[in-house]
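Here is the structure we will look at, set down as structure tokens.
The values are calculated or read from the model by the stated rules, or taken from the named source; none is laboratory data. Computed from a predicted structure; not experimentally measured. Here the Cβ positions follow ideal geometry from the backbone for every residue, glycine too, while neighbour counts run over all protein chains shown.
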Amino acid sequence: MNGKPDFSKNANAASTAPAFLSVWDVHAYYGESYIVQGINFNVHEGEILALLGRNGAGKTSTLRSIARTGSPMVTRGEIWLDHKPLHTMESYEAAAAGLGLVPEDRRIIPGLTVEENLQLAQITPPIGWSLERLYDLFPRLGERRKQEGVTLSGGEQQMLAIARALARDIKVLLLDEPYEGLAPVIVDEIEKTLIHIKEQGMTTIIVEQNAVRALELADRAVILDTGGIVFDGTAAEVLENEELRAEYLAI
């Protein structure tokens, strides 16, 4: 392994529990650049998985591959969600199957209020996440329901982006850098929300540069390095392994 520590015994670790989301031998490219290089991992229902690695390791590309965004282009492999083959679907079909991607830039729709952003996403009639339930989860959004979404603070926009994903009654929440640029007190608030929805059965994959915060929140961790998996195990194992953190997370 070119002199690097060998953590391969943990890579792609199997679990006796059935997988809810399964990524199998997925390869993806941006043009000629080989970004995701044959990765395999499972996520179990109700679990929070931290997808970690240095900049350029392939974390966001993996999230986008799961969400079937078309960028990067998946050229080989299978992705299954609750027995449904996501790898055969377009992005809108994957969203309808239960994936909710919250991108790094949040993509709040200009010209629409908080409530209109939520109503646009909400299925009709709502099954699990009514507007009232979303406002109970995010009281700040309830207070600002008539305010234009793009005028909210960064933390409130992140709350709106998460609430908008939940409004579609998703099965898996995909979060790309949800803590970026946010004050620690707002991160605390968002984490409490993620724990709350986990307790109600939500499955979450979080990509986050603040690896310690993500690991403290997560049940399990997958660490990527140059497009491949170098560790798949519990979040506690990563927190306890100084050599692993230094080698692949620079912490």
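Structure above, values below:
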item: Members of the stretch 167-184 found to be of a type in the set (D, E, K, R), modelled with pLDDT of 95 or more and either touching a Gly at 6+ places or on another chain (Cβ under 7 Å) or at positive phi (or both), listed by number; result: Lys171, Glu177
item: Failed condition for Gly111, given (1) over 19 Å from Glu45 (Cα atoms); (2) part of a helix (DSSP H, G or I); (3) more than 14 Å from the chain's Cα centre (by Cα); result: (2)
item: Among the candidates Ala214, Ala161, residue that is modelled with pLDDT of 95 or more, assigned to a helix (DSSP H, G or I), under 16 Å from the mean Cα position of the chain (by Cα) and closer than 13 Å to Gly100 by Cβ; result: Ala161
item: Given (1) out of contact with any helix residue (DSSP H, G or I) (no Cβ under 7 Å at 6 or more places or on another chain); (2) closer than 30 Å to Ile127 by Cα; (3) touching a residue at least 12 places away in the same chain (Cβ under 8 Å), index of the condition Ala67 fails; result: (1)
item: Conditions (1) under 16 Å from Ser71 (Cα atoms); (2) surrounded by 14 or more Cβ atoms within 10 Å (Cβ to Cβ); (3) of a type outside the set (Gly, Ala, Ser); (4) within 15 Å of the chain's Cα centre (by Cα): number failed by Asp105; result: (2)
item: Residues that are in contact (Cβ under 8 Å) with a residue 12 or more places away in the chain and either over 13 Å from Arg106 (Cβ atoms) or outside any loop (DSSP other than H, G, I, E, B) (or both), drawn from the stretch 177-193; result: Ala183, Ile186, Val187, Glu189, Ile190, Glu191, Thr193
item: Test: residue in the stretch 21-33 that is at pLDDT 95 or above, closer than 24 Å to Tyr179 by Cβ, assigned to a loop (DSSP other than H, G, I, E, B) and not polar (S, T, N, Q); result: no
item: Subset tally (residues that are part of a strand (DSSP E or B) and surrounded by fewer than 21 Cβ atoms within 10 Å (Cβ to Cβ)) for the stretch 35-52; result: 3
item: Identity of the residue in the stretch 53-72, part of a helix (DSSP H, G or I) and of a type outside the set (Gly, Ala, Ser), that ends up surrounded by the most Cβ atoms within 10 Å (Cβ to Cβ); result: Thr62
item: Members of the stretch 75-117 that are closer than 16 Å to Leu174 by Cα and acidic (Asp, Glu); result: Asp82, Glu93, Glu104, Asp105
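Conditions tested, residue by residue: (1) at pLDDT 95 or above; (2) crowded, with 19+ Cβ neighbours inside 10 Å; (3) over 30 Å from Thr234 (Cα atoms); (4) not β-branched (Val, Ile, Thr).
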site	(1), (2), (3), (4)
Pro139	yes, no, yes, yes
Arg144	yes, yes, yes, yes
Val150	yes, no, yes, no
Glu156	yes, yes, yes, yes
Glu191	yes, no, no, yes
Thr203	yes, yes, no, no
